[in-house]
1. Using the Cβ atoms and a cut-off under 12 Å, what net charge is assigned to the surroundings of residue 169, where Lys and Arg are +1 and Asp and Glu are -1?
2. On average, how much accessible surface per residue is there in the range 140-179, in Å², for a 1.4 Å probe, leaving out ligands, DNA and RNA?
3. Return the tail of the calculated pair distribution for the range 52-201, meaning the percent of Cα-Cα pairs more than 19 Å apart.
4. How are the Cα pair distances of the range 36-114 distributed, in percent, across 5 Å bins from 0?
5. I'd like to compare 76-89, 160-173: which one has the highest average count of other Cβ atoms within 10 Å, and what's the full order after that?
6. Equivalent ellipsoid semi-axes for the range 120-169, as square roots of 5 times the alpha carbon gyration tensor eigenvalues: give them largest first, rounded to whole Å.
7. Could you give the nm distance between label points at residue 160 and residue 133, where each point is 7 Å from its Cα heading toward the beta carbon?
8. Grab the Cα-Cα distance for residue 209 and residue 175, subtract it from 0.36 nm times how many residues apart they are, and report the gain in nm with one decimal.
Amino acid sequence: MADNLFEYNYKSPIVPTGSTISNTKISGVGGYKEGVATTANEDANTLYNLSEPDRKIIAQKLKNAGYKVAVTGKYSDKLLTAYSTASMKSALQSQMVGQRFTVEQYLDQEAAARIAEGGSGGPSVRKDTRISDSTTVRALIDAIFTDTLGRKASGKEILKYTSAIQAAQKASPTVTKYSTSGGVTSSVTTGGINEQQYLIDQIAGTDEAKSNQVLGYYQTFMNALGGK
(Lines give C-alpha, C1' and ligand atoms only; values in the text may rest on other atoms or scores of the structure.)
Protein backbone atom coordinates (compact mmCIF):
# COMPACT_ATOMS: atom_id res chain seq x y z
CA MET A 1 0.00 0.00 0.00
CA ALA A 2 1.30 3.38 -0.89
CA ASP A 3 3.10 5.27 1.77
CA ASN A 4 1.57 8.71 2.12
CA LEU A 5 0.16 11.23 4.53
CA PHE A 6 -2.67 8.94 5.67
CA GLU A 7 -1.30 8.02 9.07
CA TYR A 8 -3.68 8.48 11.95
CA ASN A 9 -3.15 11.20 14.52
CA TYR A 10 -2.65 9.74 17.99
CA LYS A 11 -1.98 13.06 19.74
CA SER A 12 -5.37 12.95 21.47
CA PRO A 13 -6.19 9.25 21.93
CA ILE A 14 -9.23 7.97 23.72
CA VAL A 15 -7.93 5.94 26.63
CA PRO A 16 -10.30 3.49 28.36
CA THR A 17 -10.86 4.31 32.03
CA GLY A 18 -8.29 2.72 34.32
CA SER A 19 -5.69 2.08 31.61
CA THR A 20 -2.00 2.54 32.26
CA ILE A 21 -0.19 3.36 29.03
CA SER A 22 3.57 3.15 28.58
CA ASN A 23 5.52 4.28 25.50
CA THR A 24 4.06 2.52 22.48
CA LYS A 25 5.37 3.05 18.96
CA ILE A 26 2.88 3.09 16.11
CA SER A 27 4.05 2.25 12.62
CA GLY A 28 2.91 1.03 9.25
CA VAL A 29 -0.20 1.75 7.22
CA GLY A 30 -3.25 1.97 9.43
CA GLY A 31 -1.13 2.44 12.57
CA TYR A 32 -0.27 -1.15 13.46
CA LYS A 33 1.77 -1.38 16.66
CA GLU A 34 5.25 -2.82 16.37
CA GLY A 35 5.77 -6.25 17.90
CA VAL A 36 7.57 -5.21 21.07
CA ALA A 37 6.84 -6.16 24.66
CA THR A 38 3.36 -4.87 25.44
CA THR A 39 0.68 -4.98 28.10
CA ALA A 40 -3.00 -5.68 27.63
CA ASN A 41 -3.77 -2.02 28.31
CA GLU A 42 -1.45 -0.86 25.54
CA ASP A 43 -3.11 -3.28 23.13
CA ALA A 44 -6.53 -2.01 24.21
CA ASN A 45 -5.44 1.59 23.68
CA THR A 46 -4.11 0.84 20.19
CA LEU A 47 -7.15 -1.15 19.11
CA TYR A 48 -9.72 1.17 20.69
CA ASN A 49 -8.38 4.31 19.03
CA LEU A 50 -8.27 2.95 15.49
CA SER A 51 -11.04 3.78 13.04
CA GLU A 52 -13.57 1.06 12.25
CA PRO A 53 -12.09 0.44 8.77
CA ASP A 54 -8.65 -0.18 10.30
CA ARG A 55 -10.08 -2.42 13.04
CA LYS A 56 -11.88 -4.37 10.33
CA ILE A 57 -8.58 -4.93 8.50
CA ILE A 58 -7.00 -6.19 11.73
CA ALA A 59 -10.00 -8.45 12.41
CA GLN A 60 -9.70 -9.96 8.93
CA LYS A 61 -5.99 -10.58 9.40
CA LEU A 62 -6.69 -12.22 12.76
CA LYS A 63 -9.30 -14.46 11.16
CA ASN A 64 -6.94 -15.35 8.30
CA ALA A 65 -4.36 -16.37 10.91
CA GLY A 66 -6.85 -18.71 12.60
CA TYR A 67 -8.37 -16.54 15.33
CA LYS A 68 -12.13 -16.79 15.72
CA VAL A 69 -13.26 -13.18 15.57
CA ALA A 70 -16.08 -11.30 13.83
CA VAL A 71 -14.91 -9.13 10.93
CA THR A 72 -17.04 -6.07 11.65
CA GLY A 73 -14.61 -3.32 12.65
CA LYS A 74 -16.32 -3.01 16.04
CA TYR A 75 -14.26 -2.97 19.23
CA SER A 76 -14.94 -5.93 21.53
CA ASP A 77 -13.31 -7.93 24.33
CA LYS A 78 -13.04 -10.94 22.01
CA LEU A 79 -11.23 -8.91 19.36
CA LEU A 80 -8.92 -7.44 22.03
CA THR A 81 -8.11 -10.90 23.41
CA ALA A 82 -7.16 -12.17 19.95
CA TYR A 83 -5.14 -9.05 19.14
CA SER A 84 -3.31 -9.15 22.49
CA THR A 85 -2.42 -12.81 21.94
CA ALA A 86 -1.06 -12.04 18.47
CA SER A 87 0.84 -9.05 19.88
CA MET A 88 2.54 -11.18 22.54
CA LYS A 89 3.45 -13.88 20.01
CA SER A 90 4.81 -11.23 17.67
CA ALA A 91 6.97 -9.83 20.50
CA LEU A 92 8.22 -13.31 21.41
CA GLN A 93 9.13 -14.08 17.81
CA SER A 94 10.94 -10.73 17.53
CA GLN A 95 13.07 -11.66 20.56
CA MET A 96 13.77 -15.20 19.37
CA VAL A 97 14.94 -14.35 15.85
CA GLY A 98 16.45 -10.96 16.67
CA GLN A 99 14.33 -9.17 14.11
CA ARG A 100 11.41 -6.85 14.80
CA PHE A 101 8.00 -7.99 13.58
CA THR A 102 4.85 -5.87 13.58
CA VAL A 103 1.61 -7.52 14.63
CA GLU A 104 0.44 -7.18 11.02
CA GLN A 105 3.54 -8.96 9.69
CA TYR A 106 3.13 -11.74 12.23
CA LEU A 107 -0.52 -12.29 11.28
CA ASP A 108 0.31 -12.36 7.54
CA GLN A 109 3.02 -14.91 8.26
CA GLU A 110 0.61 -17.13 10.18
CA ALA A 111 -2.04 -16.85 7.45
CA ALA A 112 0.55 -17.92 4.84
CA ALA A 113 1.58 -20.85 7.03
CA ARG A 114 -2.03 -22.02 7.29
CA ILE A 115 -2.29 -22.04 3.50
CA ALA A 116 0.93 -24.03 3.20
CA GLU A 117 -0.36 -26.56 5.74
CA GLY A 118 -3.72 -26.83 4.02
CA GLY A 119 -5.58 -25.21 6.90
CA SER A 120 -8.91 -23.48 6.44
CA GLY A 121 -9.59 -19.81 6.98
CA GLY A 122 -6.53 -18.43 5.20
CA PRO A 123 -7.33 -17.31 1.63
CA SER A 124 -4.80 -17.78 -1.19
CA VAL A 125 -5.86 -14.35 -2.42
CA ARG A 126 -6.93 -11.62 0.00
CA LYS A 127 -8.39 -8.20 -0.74
CA ASP A 128 -8.25 -5.31 1.71
CA THR A 129 -10.19 -2.09 1.14
CA ARG A 130 -9.30 0.93 3.26
CA ILE A 131 -11.53 4.01 3.23
CA SER A 132 -10.01 7.03 4.98
CA ASP A 133 -12.21 9.06 7.31
CA SER A 134 -13.31 12.60 6.40
CA THR A 135 -11.08 14.33 8.95
CA THR A 136 -7.94 12.67 7.60
CA VAL A 137 -8.89 13.36 4.00
CA ARG A 138 -9.64 17.02 4.74
CA ALA A 139 -6.18 17.51 6.26
CA LEU A 140 -4.58 16.08 3.13
CA ILE A 141 -6.74 18.17 0.80
CA ASP A 142 -5.87 21.40 2.63
CA ALA A 143 -2.16 20.51 2.58
CA ILE A 144 -2.18 19.80 -1.18
CA PHE A 145 -4.21 22.92 -1.98
CA THR A 146 -1.80 25.06 0.04
CA ASP A 147 1.23 23.56 -1.72
CA THR A 148 -0.17 23.71 -5.25
CA LEU A 149 -2.51 26.72 -5.25
CA GLY A 150 -1.34 28.72 -2.27
CA ARG A 151 -4.69 28.57 -0.50
CA LYS A 152 -6.89 26.21 1.50
CA ALA A 153 -9.76 24.35 -0.11
CA SER A 154 -13.30 25.68 0.14
CA GLY A 155 -16.07 23.69 1.80
CA LYS A 156 -17.41 22.68 -1.61
CA GLU A 157 -13.99 21.53 -2.73
CA ILE A 158 -13.51 19.54 0.48
CA LEU A 159 -16.74 17.64 -0.18
CA LYS A 160 -15.88 17.10 -3.85
CA TYR A 161 -12.38 15.73 -3.32
CA THR A 162 -13.27 13.74 -0.20
CA SER A 163 -15.87 11.83 -2.21
CA ALA A 164 -13.41 11.39 -5.08
CA ILE A 165 -10.63 10.00 -2.89
CA GLN A 166 -12.92 7.64 -0.97
CA ALA A 167 -14.41 6.35 -4.23
CA ALA A 168 -10.91 5.78 -5.64
CA GLN A 169 -9.90 3.89 -2.49
CA LYS A 170 -13.00 1.72 -2.71
CA ALA A 171 -12.29 0.95 -6.36
CA SER A 172 -8.63 0.08 -5.71
CA PRO A 173 -8.27 -2.44 -2.88
CA THR A 174 -4.91 -4.02 -2.13
CA VAL A 175 -4.66 -7.62 -3.30
CA THR A 176 -2.33 -10.08 -1.56
CA LYS A 177 -1.52 -13.35 -3.35
CA TYR A 178 0.10 -16.27 -1.57
CA SER A 179 2.17 -18.95 -3.28
CA THR A 180 4.15 -21.93 -2.01
CA SER A 181 7.31 -23.30 -3.60
CA GLY A 182 9.79 -25.72 -2.07
CA GLY A 183 7.97 -25.61 1.24
CA VAL A 184 8.33 -21.83 1.44
CA THR A 185 5.22 -19.65 1.33
CA SER A 186 5.56 -16.10 0.06
CA SER A 187 3.12 -13.25 -0.52
CA VAL A 188 2.94 -10.35 -2.97
CA THR A 189 0.70 -7.33 -2.35
CA THR A 190 -0.40 -5.05 -5.19
CA GLY A 191 -3.04 -2.41 -5.77
CA GLY A 192 -4.19 0.46 -3.62
CA ILE A 193 -3.70 4.11 -4.50
CA ASN A 194 -1.30 6.88 -3.59
CA GLU A 195 -3.87 9.34 -2.26
CA GLN A 196 -1.47 12.27 -2.27
CA GLN A 197 -0.48 11.82 -5.93
CA TYR A 198 -4.10 11.12 -6.89
CA LEU A 199 -5.19 14.44 -5.41
CA ILE A 200 -2.32 16.36 -7.00
CA ASP A 201 -3.27 14.93 -10.41
CA GLN A 202 -6.90 15.93 -9.87
CA ILE A 203 -6.05 19.51 -8.88
CA ALA A 204 -3.49 19.89 -11.68
CA GLY A 205 -6.27 19.53 -14.22
CA THR A 206 -8.28 22.49 -12.93
CA ASP A 207 -8.31 25.88 -14.70
CA GLU A 208 -6.92 27.56 -11.59
CA ALA A 209 -3.91 25.24 -11.44
CA LYS A 210 -3.24 25.63 -15.17
CA SER A 211 -3.49 29.42 -14.90
CA ASN A 212 -1.09 29.49 -11.95
CA GLN A 213 1.36 27.36 -13.87
CA VAL A 214 1.24 29.62 -16.92
CA LEU A 215 1.70 32.72 -14.77
CA GLY A 216 4.60 31.05 -13.02
CA TYR A 217 6.36 30.32 -16.30
CA TYR A 218 5.67 33.86 -17.53
CA GLN A 219 7.13 35.40 -14.38
CA THR A 220 10.23 33.22 -14.65
CA PHE A 221 10.65 34.24 -18.29
CA MET A 222 10.29 37.96 -17.48
CA ASN A 223 12.76 37.75 -14.63
CA ALA A 224 15.29 36.10 -16.94
CA LEU A 225 14.91 39.05 -19.36
CA GLY A 226 15.30 41.56 -16.56
CA GLY A 227 11.64 42.56 -16.69
CA LYS A 228 9.37 43.22 -13.74
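The values are calculated or read from the model by the stated rules, or taken from the named source; none is laboratory data. If you're wondering where the values come from, they're calculated on a predicted model, not measured in any experiment. Cβ atoms come from the backbone with ideal geometry, glycine included; neighbour counts cover every protein chain shown. Just the protein is used for accessible areas: all its heavy atoms, side chains included, with ligands, DNA and RNA removed. Shrake-Rupley method; radii C 1.70, N 1.55, O 1.52, S 1.80 Å.
1. With Lys, Arg at +1 and Asp, Glu at -1, the net is -1.
2. Each residue of the range 140-179 exposes 51 Å² on average to a 1.4 Å probe.
3. 62
4. For the range 36-114, the binned pair fractions read 3, 18, 28, 27, 18, 6, 1 percent.
5. Packing order, densest peptide first, comes out as 76-89, 160-173.
6. 32, 10, 8
7. 2.7
8. Additional length available on full extension: 8.9 nm.
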